[in-house]
Amino acid sequence: MDLHLNGKTAIVTGGSRGLGRAICEGLAAEGCQLAISFLRDASRGIDLSDEAEALVERLWDQYHTRAVAIGGDVSVADQVDQLYRQTRQEFGTPDILVNNAGIWPTALAHEIDPHEFERVLQVNLLGSFLTCRSAVREWLAADRGGRIVNITSPAAFQGSTTGHAHYAASKAGLVSFSVSLAREVAPRGIHVNLVAPGMTRTEMSRATLAQGEQPYLERIPLRRIAEPSDIADVIVFLASDRAGYMTGATVDVTGGMLMR
């Protein structure tokens, strides 16, 4: 099936590793040009530029697809503006936004530091709002449509039982925001959908899975942990014209753990 993605430009936040990397590879395989947004935060000593640049090279070698790595923090408005400026300079106006950047710290609700709760909301919810706002502004100004895929979680609907109440709250907020945005911009040809991945083998989940996979497997009817490509395939579809009659939807990719 031709997804009609060849020659389009996608911004993928948190694109240098884990699920984000798989999303970039899936889009590149369909001929998309990529702006790979990765975390660079000097105040916390975090810089994933080596991973991002290595992915840029891999996408060219593997798929002959152009990509650019753009560092920053999606929760900072000025840095989101810079992300879009650099994307326009390289490729023109983007066609697709995938909001994958997120953090998943662990603490029981009564033990969560307020600063940590706020940081989770800043990255997972505010960051997605800022990148969506920039995308919509560009598409409205150009009088054109676009595709947004936001990454939520089953925890948005079920809550967390493993010490991630702040994460669940941020992802529930993202669902409500995305549905509201979808309603606002649908008449202008802008589609906003969500994917709710189940437990997936990424850097984010490695430590948790190392403590034991059985509790998760017992809750998953398909009896396996997802690979990043399992999730990325669905995201690539939602970013394409083939999902042309979908907006405001959440697609559960959980191996049957969440059935609605």
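The values are calculated or read from the model by the stated rules, or taken from the named source; none is laboratory data. Worth saying up front: this structure is predicted, and the values here are computed from it rather than measured. Because the Cβ atoms are built from the backbone with ideal geometry, glycine has one as well, and the counts that use them run over all protein chains shown.
So, in the stretch 30-41, of the ones that are free of Cβ contacts under 8 Å to residues at least 60 places away in the same chain and surrounded by fewer than 22 Cβ atoms within 10 Å (Cβ to Cβ), which residue ends up nearest to Thr65 (Cα to Cα)? Give the steps one after another, and end with the answer.
So in the stretch 30-41, the residues free of Cβ contacts under 8 Å to residues at least 60 places away in the same chain come out as 31, 33-36, 38, 40-41.
In the following step, the residues that additionally are surrounded by fewer than 22 Cβ atoms within 10 Å (Cβ to Cβ) were identified as 31, 40-41.
Details: Gly31: 6, Arg40: 24, Asp41: 27 Å.
Filtering first and then ranking leaves Gly31.
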Pairs under 9 Å by beta carbon, first residue under 19 Å from Val195 (Cα atoms) in the stretch 125-140, partner of a type in the set (Phe, Trp, Tyr), six or more apart or different chains? Leu125/Phe177; Ser128/Phe177; Phe129/Phe177; Thr131/Tyr84; Cys132/Phe177; Ala135/Tyr84
Name the single residue, out of those in the stretch 192-251 being modelled with pLDDT under 95 and at positive phi, that is surrounded by the fewest Cβ atoms within 10 Å (Cβ to Cβ). Gly212
Could you say whether any residue in the stretch 208-224 is within 23 Å of Val123 (Cα to Cα), within 20 Å of the chain's Cα centre (by Cα) and either in a helix (DSSP H, G or I) or basic (Lys, Arg) (or both)? no
Members of the stretch 73-87 that are surrounded by fewer than 20 Cβ atoms within 10 Å (Cβ to Cβ) and either in contact (Cβ under 8 Å) with a residue 12 or more places away in the chain or within 18 Å of the chain's Cα centre (by Cα) (or both): Val76, Ala77, Gln79, Asp81, Gln82, Gln86
Scanning the stretch 16-29 residue by residue, the ones that are under 12 Å from Pro228 (Cβ atoms), surrounded by 22 or more Cβ atoms within 10 Å (Cβ to Cβ) and among the small types (Gly, Ala, Ser) total 3
Which members of the stretch 1-35 meet the condition of being touching a strand residue (DSSP E or B) at 6+ places or on another chain (Cβ under 9 Å), farther than 18 Å from Asn124 by Cα and either assigned to a loop (DSSP other than H, G, I, E, B) or of a type in the set (S, T, N, Q) (or both)? Leu5, Gly7, Lys8, Thr9, Cys32, Gln33
